[in-house]
Amino acid sequence: MNVSNAVVHVLRGPVVESKHNGHIAVVDWQGRLLAHLGQYTHLTFARSTAKPLQSIPVVESGAAARTGMTQPEIALMCASHSGEPDHTEAARSILAKSGLTPDSLSCGVHEPWHRPTAEAMRLRGEKPTALHNNCSGKHAGMLALAACRGDSVAGYIRPEHPVQRRMRETVADMCGLSSEELAVGIDGCGVPVFGMPLWRLAYAFARLGRPDSLGPTRAEAAAAIVAAIRAYPRYIAGTGRFDTQLIEATRGRIVGKMGAEGVFALTVPDLGIGVAVKIEDGAERALYPTVVETLFQLGLLDEAEQKRLQSFRTPANTNWQGMQVGGLLPVFQLHRQE
C-alpha cells in the first residue's frame, strides 16, 4: 500500500487499528493547483457533491424564478437532506409550484436519516415516502426544470432525457470538460452520476463560488445558489450533519457538500478556492476529519471555528457503553505547489 496518501488512522487505545488512504486537490477559480495529496488526477464519481452544480440549470433557465422558489427550496435542491419535516415540506412545495405531486418523484423511498424523525414516524405508524429520500430536493428541481421547459416529466431520470443531458453539459462545463469526457454511471437515486479527475471537481467548486469566468447568466445562477446555501445551511443537510455545521461554523464563508463513497467538495467564495476530497475505501468516518484537517492546514479556520469543528477533526471512537476507546486522527501533510 502506498502510505504517501494515508489520511486518517483509527486508534484503539495506543494502537493503530485501521488506516484510510485518500486524495485531495485544492484548486483556484483559474484552474491552478494550489495543494494536493495523493493523486489529484484520481478519477472519481462526484456523487452528491454534484448537486449544487446540477442545480445551476434549474436557476439559470428561469425555472426557479418562474415557479417562485424560495432560498430554502433552492438550498434543498443541492441537498442530501435528513428528511426532517422542514425538508420534506420544502420538497413538496417545489413540486406543487410546478403543478406536480410527490407521486412524480422517481428517487425511491427510505427512512429519514434524522433518527428522531424516523422514530416519531414509526410511533405514529407513518411510512416514509419519496419526499423523505435524501435526494428528493434534487429530483423536485429536475422535475421543475422539465415542467418549465415543456419537457415530459415522465422518464426524467433517464440519461437521454433533455433534463439529464442539460445536467451533464452543465457539470462538464463547470469542470472545464466536454460532456464526452465525463464518466457516466447511475447514482443511488436513479439519475446519471458523473465522474471526473478530482482536481476538476475542485475546479468546478472554485468556479461555483467565484464565477468570474462564467457567462453572466450562469454566474448569476451560481451566486444565487451559493447565497441560498449560505443563508439556509439547515437545508443542505440537517441537524447535527457536517455540511450544515461547517457552513454555520464559518458563517457561510465556506460552503461544502458531501457525497457517498467518501467524496466531499467545497468552495471558499471570497478566495476563489475549491477543495475536493476522495477517501479511497469510501469510508465516511475518514471523510470529515480529512476535510477539517485540510482546512486547518490551509489556514482557512480561525480559532473559534477550529474549536467548533474539532469533534469532526478528531472524533472519538466509543464502544456500546459510551466509553471512549480510541479515536480518529488525521496523519497527512498537504503538498503545496510552488
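The values are calculated or read from the model by the stated rules, or taken from the named source; none is laboratory data. As the structure is a computational prediction, the values presented were derived from the model and not from experiment. Backbone-built Cβ (ideal geometry, glycine too); neighbour counts: all protein chains shown. SASA here: full protein model, heavy atoms, side chains in, ligands and nucleic acids out. Shrake-Rupley method; radii C 1.70, N 1.55, O 1.52, S 1.80 Å.
For region 14-59, taking the residues that are among the charged types (D, E, K, R) and under 22 Å from Gly209 (Cα atoms), the one that is most open to solvent (accessible area, probe 1.4 Å) is identified as Arg32. Contact map, region 59-75: first residue without any contact (Cβ under 8 Å) to a residue 60 or more places away in the chain, second residue open to solvent by 30 Å² or more (accessible area, probe 1.4 Å), Cβ cut-off under 6 Å, separation 6 or more or different chains; pairs are Gly68/Lys97.
For region 65-81, the criterion of being among the hydrophobic types (A, V, I, L, M, F, W, C) and either surrounded by fewer than 23 Cβ atoms within 10 Å (Cβ to Cβ) or modelled with pLDDT under 95 (or both) is satisfied by at least one residue. Regarding region 226-233, can at least one residue be identified that is part of a loop (DSSP other than H, G, I, E, B), surrounded by fewer than 19 Cβ atoms within 10 Å (Cβ to Cβ) and within 17 Å of the chain's Cα centre (by Cα)? Checked against the condition, which is being part of a loop (DSSP other than H, G, I, E, B), surrounded by fewer than 19 Cβ atoms within 10 Å (Cβ to Cβ) and within 17 Å of the chain's Cα centre (by Cα), region 226-233 yields no hits at all.
Given the condition touching a strand residue (DSSP E or B) at 6+ places or on another chain (Cβ under 9 Å), modelled with pLDDT of 95 or more and in a helix (DSSP H, G or I), answer yes or no: does some residue in region 318-329 qualify? No, because not a single residue in region 318-329 is touching a strand residue (DSSP E or B) at 6+ places or on another chain (Cβ under 9 Å), modelled with pLDDT of 95 or more and in a helix (DSSP H, G or I). Summed over region 170-219, the residues that are modelled with pLDDT of 95 or more and part of a helix (DSSP H, G or I) give a count of 26. Picking from residues in region 160-172 that are open to solvent by less than 70 Å² (accessible area, probe 1.4 Å) and not small (Gly, Ala, Ser), the one that is farthest from Gln30 (Cα to Cα) is His161. Checked against the criteria, Asp86 does not count as outside any loop (DSSP other than H, G, I, E, B), free of Cβ contacts under 8 Å to residues at least 40 places away in the same chain and closer than 28 Å to Thr239 by Cα. Within region 300-338, the set of residues being in contact with a helix residue (DSSP H, G or I) (Cβ under 6 Å, 6 or more places away or on another chain) and either open to solvent by 60 Å² or more (accessible area, probe 1.4 Å) or over 30 Å from Leu33 (Cα atoms) (or both) comprises just one member, Arg308. Residues in region 287-317 that are among the hydroxyl-bearing types (Ser, Thr, Tyr), within 20 Å of the chain's Cα centre (by Cα) and closer than 9 Å to Pro330 by Cβ: Thr290, Thr294. Examine region 246-263 for a residue that is without any contact (Cβ under 8 Å) to a residue 40 or more places away in the chain and assigned to a strand (DSSP E or B), and state whether such a residue exists. Yes, that holds for at least one residue.
When residues in region 100-110 are screened for being part of a helix (DSSP H, G or I) and surrounded by fewer than 13 Cβ atoms within 10 Å (Cβ to Cβ), 1 of them pass. Residues that are crowded, with 24+ Cβ neighbours inside 10 Å and in a helix (DSSP H, G or I): does region 264-287 have at least one? Within region 264-287, one or more residues are crowded, with 24+ Cβ neighbours inside 10 Å and in a helix (DSSP H, G or I). Only one of the listed residues (Ala118, Ala154, Ala140, Ala183) is in contact (Cβ under 8 Å) with a residue 24 or more places away in the chain and farther than 25 Å from Pro72 by Cβ. That residue is Ala183. Summed over region 111-158, residues that are of a type in the set (A, V, I, L, M), within 19 Å of Ala96 (Cβ to Cβ), outside any loop (DSSP other than H, G, I, E, B) and open to solvent by 10 Å² or more (accessible area, probe 1.4 Å) total 2.
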